[in-house]
Amino acid sequence: MITCISPIDGTTLVEREPLTSEDAAKAAARARDAQPGWAARPLDERVSLVRAATQIVGTMNDEIVPELARQMGRPVRFGGEFGGFAQRADHMSDIAAEALADIEVEDSGEFHRLIKRVPHGVVLVVAPWNYPYMTAINTIAPALIAGNTVVLKHASQTPLVGERLAKAFHKAGVPEDVFQNVFLDHATTSELIGGGAFDFVNFTGSVEGGRAIERAAAGTFTGLGLELGGKDPGYVMEDADLDAAVDTLIDGAMFNSGQCCCGIERIYVVESLFDAFVEKAVKIVEGYKLGDPLDPDTTMGPMAQPRFADMIRAQTVEAVAAGAKTLIDPALFPKDGGAYLMPQILVDVDHSMRVMREESFGPVVGIMKVADDAEAIALMNDSEYGLTASLWTQDEARAMSIADRIETGTVYMNRADYLDPALCWTGCKNTGRGGGLSVIGYQNLTRPKSYHFKKA
Ligand code: NAP
């Protein structure tokens, strides 16, 4: 059984039977059969259907918000994901014609030479629970628009999300075999990938999960997009707007109980601002209200699973044993326990500690003093991950020079924890391979096909 245990109270919220191996293969085969017909429809029609489905998801938002709180613990006061979901789907709709346009090389009396972008065929989307609508739509919308059919395997923590998306796309008029939501266990997912059932797989999740997908695909030449973990740093320079830096970086570390792929996990502050930064950061965190995500006053809900909270408790205990200092008083967070994890700020940390090296994916952040840009760059790069980095300065040229030396997918100046659909969402090192959204997202969900016609 695929089971969603609510982090609110540990009760079983949803149970779904995963597809058998045979039924899963049939679903993939239906997606393959449906693909040529879907790709033959005019681009405008595919774009309109995706836009319509997006709007239908919006009409469900009042039901989706408490449903998300029950499935993965995000407080209802934040209103769900529809803003970012629609922004991404609409942007990919807006740029489709240009991104997928033929590249005309020559159309003369003698030759017609051009490159078309053609769909891969069947795309498997494996999505995580932490932003279950936004992460899924990053691939679903452009994959469908580009003429692929899509099979969605959503996370076991958020099974209702895949069902809602299927309902919305089908209601909008997307045929059932063109967009399918399936419940798959890991073994069946690997079996399908290994059997060449898909032409492209986009996986968003843990490094271990990414490795399993890569192993399953080995030798099949299936295209892969792997959007994996992160340990994203912030660096605050002496000319930074301190209030903005603290507000954004601490929100980036703590929002969604720190369960953001591009959440801030470590902060480096130049010596002259260090004390003031830490003082302000502590004040912000002390104001959070940890509790039932269905209560509109709650600003921090439980983590999605008790084991995630326990892992961070272990990282924190280890760091303290190695000399780190915790700055947030547990007495302020009486609800702490089980999946409910109080936020924590650590100082006197260094890179020998797991909390500064391994992904925490929770409401804990270490803050370290740095002497200069060289030290900050070395520390930011001292990581097996590379998703985003956030630089705080008024000096764009300095930020650009530092940005060029950081091993990462995205560099921000004076912002953080934000996904811009016009830019490529990508990473390096163990954060994975590929790129979603933007024009590049379309390139990855299609293949180039060259036409070389001699007219006489
Ligand atoms: P996870 O365990 O890897 O799960 C993510 C998704 O992958 C779920 O649908 C899961 O299915 C599926 N999955 C995992 N292993 C699989 C396998 N061997 N075969 C088939 N499917 C498999 O990740 P998580 O811990 O829930 O999610 C948090 C992680 O995702 C963090 O590391 C975070 O940084 C990363 N993330 C990255 C991005 C990005 O853009 N780079 C965005 C969001 C999250 P089940 O639920 O059924 O196990």
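The values are calculated or read from the model by the stated rules, or taken from the named source; none is laboratory data. Source: prediction; values computed, not measured. Note that we place each Cβ from the backbone using ideal geometry, even for glycine, and neighbour counts take in every protein chain shown.
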Pairs please, first residue from the range 409-424 and among the small types (Gly, Ala, Ser), second anywhere and away from the ligand (no atom under 12 Å from the Cβ), Cβ atoms under 7 Å, 6+ apart in sequence or on different chains. 416/234; 416/248; 416/249; 416/252; 416/264; 416/390; 422/91; 422/438
Sort out which residues of the range 269-313 are in a helix (DSSP H, G or I), out of contact with any helix residue (DSSP H, G or I) (no Cβ under 8 Å at 6 or more places or on another chain) and small (Gly, Ala, Ser), and write them in order of number. 272, 309
Return the only residue of 292, 329 being of a type in the set (D, E, K, R) and more than 30 Å from residue 241 (Cβ to Cβ). 292
Quick test for you: out of 412, 451, 442, pick the one residue that is outside any loop (DSSP other than H, G, I, E, B), under 27 Å from residue 375 (Cα atoms) and either at pLDDT 95 or above or touching a strand residue (DSSP E or B) at 6+ places or on another chain (Cβ under 7 Å) (or both). 412
Just for strands (runs of 3 or more DSSP E) wholly inside the range 112-203: which have at least 1 residues that are under 19 Å from the mean Cα position of the chain (by Cα) and buried (at least 24 other Cβ atoms within 10 Å of the Cβ)? 122-126, 149-153
If you take the residues in the range 213-230 that are under 18 Å from the mean Cα position of the chain (by Cα) and of a type in the set (Gly, Ala, Ser), which one is nearest to the ligand (Cβ to nearest atom)? 229
Does residue 362 qualify as being part of a loop (DSSP other than H, G, I, E, B) and either surrounded by 23 or more Cβ atoms within 10 Å (Cβ to Cβ) or within 16 Å of the ligand (Cβ to nearest atom) (or both)? yes
